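Report on the structure given below.
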Amino acid sequence: MGRYRNKQSQMVSKAVASRHTSKKQLYLSVVSLILAFLILISATYCWYALANGTGKGNNLTLTAGNGLRVNDLGDTTQKFKDDSVLLPASSVDGRNLFFPTDGTDFSNETTKMTFRSANAGDRNYDYVQLDFNLTAEANYTSIYLDKSTSLKIEVPAGASDEYVAAAAKAEKALRTAIYYEGMDKPVVFTSQMNPCSVNAVKDIDRTTGRFLEHSTQVAVPFKDYSYGKNQLAMLNQGETRPFSLIIWLEGTDANCTSANVMLKQLVLNLKFTTSWDNTVDIHFDATGTDAASILEDNPQYTLVLNYNNTSHKINNMQFTMQKESANTKWKCSIPDNAHNDLTFMILDGADKNKKVYEWTQTKSGGSTLNRGTATTFYVDSVNGTDSRGHWHDGDIDDHGEGHDSGIIDDGDW
């Protein structure tokens with residue numbers, strides 16, 4: 001199969017030559033990639049043959065969101081060839097793609113097949129690769145996928161039930177990988193609601209093309225990297241990172257056995273969102289204490305809110321508290337999913353950010369690291385690293401004694 005192309009094995013893709021970018025778009029609430037092209041699938045076994053088809057392509061757009069800027073894609077959207085064919089391939093993580101080769105040894109058993117490595121001529125011809133840069137405009141910009149992200153095969157109106165069923169099955173063989181240099185490993189996505197795994201081709205004999213080794217490819221749903229779950233990356237202000245997006249058809253997926261699938265339009269709607277699209281204001285109220293005078297008398301001191309989240313690889317993320325209209329109150333904005341491991345500190349910038357005051361406990365000795373749904377922290381005492389305070393979620397409390405003054409203790413202590 002591999003490079004086999006004639007009128008019986010063509011899929012025509014026309015990516016739009018125009019792009020719609022503007023300064024205004026660079027500051028929208030999401031980074032979105034919308035890619036549409038045509039695919040024609042006909043199969044009797046896992047590694048299937050492609051049939052011919054024609055059709056039109058749609059726009060690819062890239063817009064940057066809250067706290068992010070994206071580079072101009074230039075002529076990237078013009079690089080898709082008019083006679084592009086999305087061929088079945090196999091890859092563990094999208095970085096090394098292997099295509100079956102022509103010949104009489106073609107088999108539905110991967111271990112008996114011969115392959116070739118993807119080369120420069122395959123890019124945006126047999127598979128899709130888009131490279132782009134994202135630049136953060138603020139510190140601690142965590143990047144996620146928007147919940148609307150999807151990869152679908154569009155079914156024309158009036159299609160038969162068999163056609164619809166075959167398209168739905170074929171979608172399961174589609175893979176999307178996102179990675180950047182320095183990432184632990186690329187993330188492979190499936191458009192399905194649940195993870196899936198296959199034994200993908202890992203290595204071949206570079207001389208003969210003979211299959212050598214396979215490894216488990218795990219593809220996860222897009223929703224697993226939505227806001228509040230796994231993050232794709234975290235950038236600081238001014239940091240630019242190159243990303244790559246790879247789309248291919250996984251030939252080792254058993255769902256590639258979608259027979260009689262006619263002309264299809266494949267649409268990827270990939271949207272990035274950030275932690276700065278979802279924030280909450282946190283208030284620090286030191287009324288009745290000498291915290292304000294301490295900060296005023298020591299201009300090298302800084303009041304910060306320190307946040308840790310090991311599952312998101314966030315270590316000592318510090319948000320500087322800004323004084324509100326009242327001299328004894330400060331506030332900052334944090335991601336609204338930051339609920340745990342939060343510590344207010346006063347740091348001495350003149351002494352390598354030495355902690356001179358720290359709030360981790362209530363007056364009765366309970367932990368204040370977890371705010372729950374509360375957004376206001378009341379200072380009860382200022383006493384070096386043994387300072388005390390409490391979170392308050394807006395219900396009646398008894399100000400520091402360790403429980404609410406009422407019948408129900410709602411846990412804001």
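The values are calculated or read from the model by the stated rules, or taken from the named source; none is laboratory data. Everything numeric here is computed off the predicted structure, so don't read it as measured data. With ideal geometry, Cβ positions are generated from the backbone for all residues, glycine too; neighbour counts draw on all protein chains shown. These area figures cover heavy atoms from the full protein model, side chains too; ligands, DNA and RNA do not enter into them. Shrake-Rupley method; radii C 1.70, N 1.55, O 1.52, S 1.80 Å.
Taking the Cα centre of segment 181-253 as origin, sum charge times position over the Cβ atoms of Lys and Arg (+1) and Asp and Glu (-1), and report the length of that vector in debye to the nearest 20.
Roughly 100 debye, rounded to the nearest 20.
Once both labels are modelled 7 Å past Cα along the beta-carbon direction, what's the N278-D131 spacing in nm?
The answer from the label model is 3.2 nm.
What's the extension gain from S367 to K355 if we count 0.36 nm per residue and subtract their Cα-Cα distance?
Full extension from S367 to K355 adds 2.5 nm.
Accessible area, 1.4 Å probe, largest first: how do E213, E250 sort?
From most exposed to least exposed: E213, E250.
Summarise the accessible area of segment 122-235 (1.4 Å probe, protein heavy atoms) by the percent that is carbon and sulfur.
Exposed carbon and sulfur together represent 46 percent of the surface.
So how do L369, L295, L87 rank on accessible area, 1.4 Å probe, biggest first, that is with the largest at the start?
In descending accessible area the options line up as L369, L295, L87.
When the solvent-accessible surface of protein heavy atoms is calculated with a 1.4 angstrom probe, in what order do T385, T141, T360 fall, highest first?
Ranking T385, T141, T360 by accessible area, largest first, yields T385, T360, T141.
7 Å from Cα along Cα→Cβ at both D205 and S311: what's the point-to-point distance in nm?
Simple spin-label model gives 4.7 nm for this pair.
With bins 10 Å wide starting at 0, give me the P(r) of segment 273-328 over every alpha carbon pair, in whole percents.
Pair shares across the bins are 18, 44, 26, 12, 0.
To the nearest 20 Debye, how big is the dipole of segment 212-312 about its Cα centre, given +1 on the beta carbon of each Lys and Arg and -1 on that of each Asp and Glu?
That gives segment 212-312 a dipole magnitude of about 680 debye.
How large is ³J(HN,Hα) for each residue in segment 212-223, as worked out from phi by the Karplus curve 6.51 cos²θ - 1.76 cosθ + 1.60 (θ = phi - 60°), to whole Hz, x for Gly and Pro?
Running phi through 6.51 cos²θ - 1.76 cosθ + 1.60 with θ = phi - 60° gives 10, 7, 10, 8, 6, 9, 10, 10, 10, x, 4, 5 Hz.
Using the heavy atoms of the protein chains and a 1.4 angstrom probe, tell me the accessible area per residue for segment 148-192 in square angstrom.
46 Å²
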